[in-house]
Amino acid sequence: MAAAWQDVVRNAAAVREAAAVAVDAALLAGVLMRTGEQPHASDVVNYAPFTLLPSAVPWALFEQAYAVQQDFNLLVDAISQNKEFLEKTLASTIKVDDFTARLFRIYMQVLEEGLAQTVFLGINRSDYMFDCGLDGTAALRQIEINTIAASFGGLTSRTADVHRLVLKVLGKTEEASQLLPNNPAKGLASGIAKAWELYGSQRAVVMFLVEDVQRNIFDQRCVENELWNRNIRVVRKRFRDVFEHGSLDASRRLFMDGQEVAVVYYREGYVPQVYNQQNWEARLLLERSRAVKCPDIATQLAGTKKVQQELSRPGTLEKLLPGHPEAIARIRATFAGLYSLDEGEEGDRIAATAIADPDRFVLKPQREGGGNNLYGEELREVLEKIKDSPERTSYILMDKIKPQPALNYLLRAHSPLQVSECISELGIFGVYVRQGQELVLNQAAGHLLRTKAIEHADGGVAAGVAVLDTPYLV
């Protein structure tokens with residue numbers, strides 16, 4: 001895997017020429033982000049960071065990741081409908097993690113009132129790394145599944161064209177022709193459009209719930225424009241707007257500024273920092289409504305790390321997906337070792353093991369958005385501090401995955417052009433729509449490859465660590 005472009009990587013003149021072409025191609029293709037200096041302005045933009053060369057990905061593992069995505073869609077949907085499982089699994093977490101607890105309280109309140117929502121839309125992204133065994137063979141290992149605001153489906157739809165051109169400039173026309181087409185933006189939009197259609201009001205709009213600071217706006221616009229192309233109206237609102245201008249009528253239809261909302265697509269709401277009291281009230285209003293939420297709060301809870309850890313316990317998948325033995329086998333084949341830090345003998349034992357050998361593990365809190373995981377000495381320090389406290393139950397432990405690094409160039413605005421040892425993470429987008437108990441859509445919707453230098457333990461593209469990439473199947 002490491003040797004895909006050995007002849008190019010050491011050719012400084014060819015790399016400089018290709019990098020200049022690549023940057024212009026990215027700007028032409030719309031692989032764009034707003035700048036950190038002017039995050040509210042679209043009249044000053046730069047290219048989103050990306051690799052100069054597409055990264056080698058084993059064909060068999062790529063196909064395995066696609067093949068299991070519909071199974072993961074089924075699983076997430078099943079968890080979101082299983083109150084008993086969510087209650088039991090999150091019982092210890094909600095005692096010590098206020099953010100998860102507040103989400104859970106809204107979930108319970110909405111269930112007690114009775115769900116007004118009848119159409120359910122899931123857009124998730126299952127992320128994997130390639131774990132290199134002692135014999136050099138690689139295995140697909142799931143890092144996590146993102147059930148809220150899974151990003152970069154838009155920009156990655158445009159990145160393959162940039163890499164195609166780079167390979168041609170480097171005299172690798174045949175290799176360029178082998179890069180797969182990839183359009184998650186279209187796939188995500190098709191799910192939103194289906195949910196909008198089933199909601200049943202031609203006049204109703206799709207509302208993107210967005211952050212106050214929207215550096216990654218072009219990624220969202222790719223999906224948005226696909227909806228406009230289908231003549232579906234899109235509005236962009238923040239939690240503050242919902243609090244000030246949102247309302248429900250007697251049948252719990254959601255209105256924003258007098259417009260009925262069919263679908264609420266969250267690109268916000270996954271980190272505690274965005275919630276003040278007003279925003280919590282806005283979230284409750286949205287969840288109580290008949291509008292299709294993507295995700296509804298049960299599906300957001302299904303994506304927590306504690307749920308991920310519980311799924312790895314023997315027998316859990318069988319209870320959640322009865323009658324699906326093949327799906328269960330495909331899902332289980334992707335799991336890395338996951339361990340509970342709940343209070344008791346089992347949690348004590350695994351905490352002691354991790355303190356003694358921290359480089360074997362990753363410590364994960366119940367957070368989304370990248371940059372939250374702990375490794376090595378930092379992992380040991382945190383666990384030492386919380387090992388005798390109930391706070392440790394707000395974390396899970398996972399076996400640390402050891403991928404095979406490869407050489408590449410990470411192109412970032414205003415950064416020097418230098419070769420780095422890199423590792424990659426593959427994400428597969430999944431989309432499903434359920435009406436009542438009937439699953440009317442269930443599909444894989446495209447892929448995302450992100451790559452980072454090996455000195456960075458954690459963090460994605462939005463966090464400024466990883467960059468966009470394209471798989472070159474080997």
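The values are calculated or read from the model by the stated rules, or taken from the named source; none is laboratory data. Owing to the predicted nature of the structure, the values given are computational and were not obtained by experimental measurement. FYI the Cβ positions are ideal-geometry reconstructions off the backbone, even for glycines, and counts take in every protein chain you see. The area values use the complete protein model at the heavy-atom level, side chains included, leaving out ligands, DNA and RNA. Shrake-Rupley method; radii C 1.70, N 1.55, O 1.52, S 1.80 Å.
To keep it simple, each residue is scored yes or no on (1) open to solvent by less than 80 Å² (accessible area, probe 1.4 Å); (2) in contact with a strand residue (DSSP E or B) (Cβ under 9 Å, 6 or more places away or on another chain); (3) farther than 20 Å from D77 by Cα.
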| residue | (1), (2), (3) |
| --- | --- |
| L320 | yes, no, no |
| H324 | yes, no, no |
| A329 | yes, no, no |
| A336 | yes, yes, yes |
| L341 | yes, yes, yes |
| A352 | yes, no, yes |
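Per-residue answers, yes or no, for (1) surrounded by 18 or more Cβ atoms within 10 Å (Cβ to Cβ); (2) touching a Cys at 6+ places or on another chain (Cβ under 7 Å); (3) within 22 Å of T304 (Cα to Cα):
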site	(1), (2), (3)
Y107	yes, no, yes
E113	no, no, no
F120	yes, no, yes
D131	yes, no, no
G136	no, no, no
L140	yes, no, yes
**Complete:** For helices (runs of 4 or more DSSP H) lying entirely in the stretch 249-318, having 3 or more residues that are in the same structural domain as L188 (by the TED database) and among the charged types (D, E, K, R) picks out 277-288, 305-311
**Message:** Residue pairs, Cβ under 7 Å, 6 or more apart or interchain, first in the stretch 388-412 and of a type in the set (D, E), second part of a loop (DSSP other than H, G, I, E, B). List them.
**Reply:** D399/A336; D399/G337
**Asked** Failed condition for Q278, given (1) modelled with pLDDT under 95; (2) in contact with a helix residue (DSSP H, G or I) (Cβ under 9 Å, 6 or more places away or on another chain); (3) polar (S, T, N, Q), with all others met?
**Response** (1)
**Prompt:** When you scan the stretch 142-178, how many residues do you find that are open to solvent by 10 Å² or more (accessible area, probe 1.4 Å), of a type outside the set (V, I, T) and touching a helix residue (DSSP H, G or I) at 6+ places or on another chain (Cβ under 7 Å)?
**Reply:** 10
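Rundown of residues vs (1) assigned to a loop (DSSP other than H, G, I, E, B); (2) open to solvent by 30 Å² or more (accessible area, probe 1.4 Å); (3) at pLDDT 95 or above, yes/no style:
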{"position": "Q404", "(1), (2), (3)": "yes, yes, no"}
{"position": "L410", "(1), (2), (3)": "no, no, yes"}
{"position": "S424", "(1), (2), (3)": "no, no, yes"}
{"position": "F429", "(1), (2), (3)": "no, no, yes"}
{"position": "R434", "(1), (2), (3)": "no, no, yes"}
{"position": "V440", "(1), (2), (3)": "no, yes, yes"}
{"position": "Q443", "(1), (2), (3)": "no, yes, yes"}
{"position": "T451", "(1), (2), (3)": "no, no, yes"}
{"position": "A457", "(1), (2), (3)": "yes, yes, no"}
**Complete:** In the stretch 310-324, anything closer than 18 Å to G337 by Cα and out of contact with any helix residue (DSSP H, G or I) (no Cβ under 9 Å at 6 or more places or on another chain) is listed as R313, P314, G315
